[in-house]
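The values are calculated or read from the model by the stated rules, or taken from the named source; none is laboratory data. Owing to the predicted nature of the structure, the values given are computational and were not obtained by experimental measurement. All Cβ positions, even for glycine, are placed from backbone atoms using ideal geometry, and neighbour counts span all protein chains on display. Only protein heavy atoms, including side chains, enter the accessible area calculation; ligands, DNA and RNA are left aside. Shrake-Rupley method; radii C 1.70, N 1.55, O 1.52, S 1.80 Å.
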Amino acid sequence: MSDNDRVPRPIPADLRPRLPSPLTEVDDARFARHGVRLLLKRDDLIHPDLIGNKWRKLAPNLEAAHGRALVTFGGAYSNHLRATAAAGRLLGVPTLGIVRGQELAERPLNASLARCTADGMRLHFVDRSTYRKKNDPEVLAALLDATGATDAYVVPEGGSNALAVRGCTDLGRELRGHAEVVALACGTGGTLAGLAAGLAPDQRALGVCVLKGGFLEADVRALQQAAFGGPRGTWQVNDRFHFGGYARVPAELASFADDFERRHGLPVEHLYVAKMLYALVVLTGEGAFPPGTTVAAVVTGAPFGDAQSSTSR
């Protein structure tokens, strides 16, 4: 049966999002003293299980899956794995998570992976060399065959593909007319690619990379090419604030996140959101935003269990 012959399943009421997400202003002297106004785009309030950009990226893929089992990829603290597992539970479809790190199979599950299994996701651990080659058609086919998932719908790591990018353009549209600069944390670049495409011509998107490696700009360009046939919007990537790489949360960053929560009552997710907010404080202090600039910070996630305590990994 082809995808065109499949009948889409209706989205259940408890999977529907709260859109548009709230946009609130915060009073923070670290911005005000430089004449910069800070807004928080609360995408963390879209849905209790598919938080923030996870809803925006997964929703079009869930529709395209037409009720098939879902296969996706992630690391030990992957927000995307948890969101996919929750979507499978809510839709009543099987999910399989291919997890980076064969050694994790011999350890007790952390809170993030335990949540995945509680939501019905089957986990398959692979060594890091195989994981790096997961997009190779032969490697992917072997993984699907080994896990009995040959007819499943494959969602890429982080949920970032052309469908997801187009799904994230609504985020940009919701922010038109509200800020000159829109900032968000980036892992795979899908949300940034779509956000930039949805913004007005006089706005720009700033992606704060949470991984080191310097590859994200090329990935965003490739995603926009796949989604739109070419570049869209004005955007840039800043890779100064990864704090050593993904899931690295040194004491300085954890302290900053705790302080931001005390100041503004916002529980700050450490692996992505804290790095983005920290970057904005530093960049504002360096004069990166002229006086009179309004910056909207997209809150793409919420704290979860021991994913918050992955200090200095």
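Tabulated values for the structure
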| quantity | calculated |
| --- | --- |
| In segment 32-80, the trypsin sites (Lys or Arg not before Pro) that fall in loop regions by DSSP, at most 14 other Cβ within 10 Å | Arg33 |
| Whole-angstrom gap from segment 133-199 to segment 201-222, using each part's C-alpha centre | 13 |
| Vicinal HN-Hα couplings computed from phi for segment 272-278 (Karplus, 6.51 cos²θ - 1.76 cosθ + 1.60; Hz; Gly/Pro x) | 10, 5, 4, 5, 5, 5, 4 |
| FRET E, pair Ala251, Ala218, Förster distance 35 Å, beta-carbon r, rounded to 0.05 | 0.60 |
| Residue with peak Gaussian network fluctuation, the chain [Cα springs, cutoff 10 Å], from Asp43, Asp239, Asp27 | Asp27 |
| Most fluctuating residue given options Ser160, Ser112, Ser129, as computed from a GNM of the chain linking Cα atoms under 10 Å | Ser129 |
| Förster radius 35 Å - calculated FRET efficiency between Arg30 and Glu138 (Cβ-Cβ, nearest 0.05) | 0.10 |
| Computed E for Ala114/Thr147 - FRET, C-beta separation, R0 25 angstrom, nearest 0.05 | 0.80 |
| Residue among Leu38, Leu58, Leu104 with the largest mean-square fluctuation in a Gaussian network model of the chain, springs linking Cα atoms under 10 Å | Leu104 |
| Helix axis angle, 53-65 relative to the chain longest principal axis, alpha carbon, degrees | 30 |
| For Asp49, solvent-accessible area (1.4 Å; no DNA, RNA or ligand), Å² | 60 |
